[in-house]
Amino acid sequence: MRIVVLMKPVPDPVAASERLRPDGRLDRANAPAVVNPNDEYALEAALKLVEAHGGEVTLLTMAPAAAPETIRKALAMGAHRGVLVTDTALEGSCVHSTATVLAAALAQLEFDLVLFGVDSTDGGAGTVPAAVAAKRALPYLSAAGKIEPDPAAGTVRVRRMTPTGYDLLEAPMPALIVCTQALGEPRYPSLKGIMSARSKEIRTFSLADLGLDDGSVGGAAATTRLTGTSTPPARGAARIIKDAPAEAARQVVDYLVEKWIIQ
């Protein structure tokens, strides 16, 4: 199986708190870059699939030119190669531009499955996977808690997590899947993996390589912009109930009725 995992470098939330620059964009120089945590779950799912069915895992990243350092951290987990799309014109890209570029990059690759993390810690929109699937006309399988490909039949079955259980979806491959943490904890890179990551191929594409004009994507073509920010109001005093369970339950219900949350 040929699996492409989308991986995004994001500011390390442990090293520093997220801050906005004067232009309203995230200050990425405030902290070192790490692999987006939810992308690690997608990568772990891909590695398990190729261990079970054979094949290779390719990482695809749209990021600044310094991204190979972060990509090699993901390669150390076991991915076979990386692909980096980088161009100065991509600075300030919106969701639409990001999806356009990633879809164009996928057109340069051969794959059976494309795996995304459910969202990124530096954005949280969660809409890029669906947009990429639409642009590449791929079946879109979201919120995957289990992935069961059938290479012989050319299909993949996914358990999509829902509030009441799961939906069972099946689609032809190639397909695009959004992965949840239910797929399993990401592995730690081994010493052997760290050493071998240094020699693994990272192929680089510019916008010109993808046949895209630098005026059609990136900050110059952004379809969204930040209009303002504000600090959330301070949290009010909490009400703590320490009575017996029956009495505590009654007080909680009375409070919800009082606030018109339930009737």
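I'm told Pro32 meets every condition in (1) farther than 25 Å from Asp213 by Cα; (2) at pLDDT 90 or above; (3) in contact with a strand residue (DSSP E or B) (Cβ under 9 Å, 6 or more places away or on another chain) except one. Can you identify the failing condition by its number?
It fails just one condition, (2).
Kindly provide the set of residues from the stretch 114-151 that are of a type in the set (Val, Ile, Thr), farther than 12 Å from Ala175 by Cβ and touching a Pro at 6+ places or on another chain (Cβ under 9 Å), ordered by number.
Selection gives Val118, Thr121.
Just to be sure before I move on: is Ala15 at pLDDT below 95, assigned to a helix (DSSP H, G or I) and surrounded by fewer than 18 Cβ atoms within 10 Å (Cβ to Cβ) in the structure I sent?
Here the answer is no, as Ala15 does not meet what is asked.
Checking Ala42 against (1) in contact (Cβ under 8 Å) with a residue 24 or more places away in the chain; (2) farther than 23 Å from Ala104 by Cα, which single condition isn't satisfied?
Exception for Ala42: condition (2).
Among the listed residues Val83, Val95, which satisfies the condition of being surrounded by fewer than 22 Cβ atoms within 10 Å (Cβ to Cβ), in contact with a Leu (Cβ under 8 Å, 6 or more places away or on another chain) and among the aliphatic types (A, V, I, L, M)?
Residue meeting the stated conditions: Val83.
Mind listing just one residue for me: the one in the stretch 135-146 that is surrounded by fewer than 22 Cβ atoms within 10 Å (Cβ to Cβ), in contact (Cβ under 8 Å) with a residue 12 or more places away in the chain and not charged (D, E, K, R) and, of those, nearest to Ala52 (Cα to Cα)?
By that ranking, first place goes to Gly145.
Val57 - would you say it is surrounded by 14 or more Cβ atoms within 10 Å (Cβ to Cβ), in contact with a helix residue (DSSP H, G or I) (Cβ under 6 Å, 6 or more places away or on another chain) and modelled with pLDDT of 95 or more?
Judged against the criteria, Val57 is a match.
Could you tell me which of the residues Arg239, Arg203, Arg235 is among the basic types (Lys, Arg) and at pLDDT 95 or above?
Only one candidate qualifies: Arg203.
Within the stretch 182-213, track down each residue that is touching a helix residue (DSSP H, G or I) at 6+ places or on another chain (Cβ under 8 Å) and over 24 Å from Arg2 (Cβ atoms).
Within the stretch 182-213, Glu185, Leu207 meet the criteria.
Those residues that are at pLDDT 95 or above and surrounded by 14 or more Cβ atoms within 10 Å (Cβ to Cβ), I need them from the stretch 121-134; list them, please.
Val128, Pro129, Ala130, Ala131, Val132, Ala133
Right, Val118: surrounded by fewer than 22 Cβ atoms within 10 Å (Cβ to Cβ) and either under 16 Å from the mean Cα position of the chain (by Cα) or polar (S, T, N, Q) (or both) or not?
yes
Pairs needed: first member in the stretch 97-120, without any contact (Cβ under 8 Å) to a residue 60 or more places away in the chain; second member anywhere, surrounded by fewer than 20 Cβ atoms within 10 Å (Cβ to Cβ) and not β-branched (Val, Ile, Thr); C-beta distance under 7 Å; at least 6 residues apart or different chains.
Ala99/Ala131; Ala99/Lys135; Ala103/Lys135; Ala103/Arg136
Quick check on the stretch 148-177: of everything there that is hydrophobic (A, V, I, L, M, F, W, C), out of contact with any helix residue (DSSP H, G or I) (no Cβ under 6 Å at 6 or more places or on another chain) and in contact (Cβ under 8 Å) with a residue 24 or more places away in the chain, which residue is nearest to Arg25 (Cα to Cα)?
Once the filter is applied, the top-ranked residue is Ile177.
The values are calculated or read from the model by the stated rules, or taken from the named source; none is laboratory data. Predicted model, so just to flag it, every value in this text is computed and none were measured. Note that we place each Cβ from the backbone using ideal geometry, even for glycine, and neighbour counts take in every protein chain shown.
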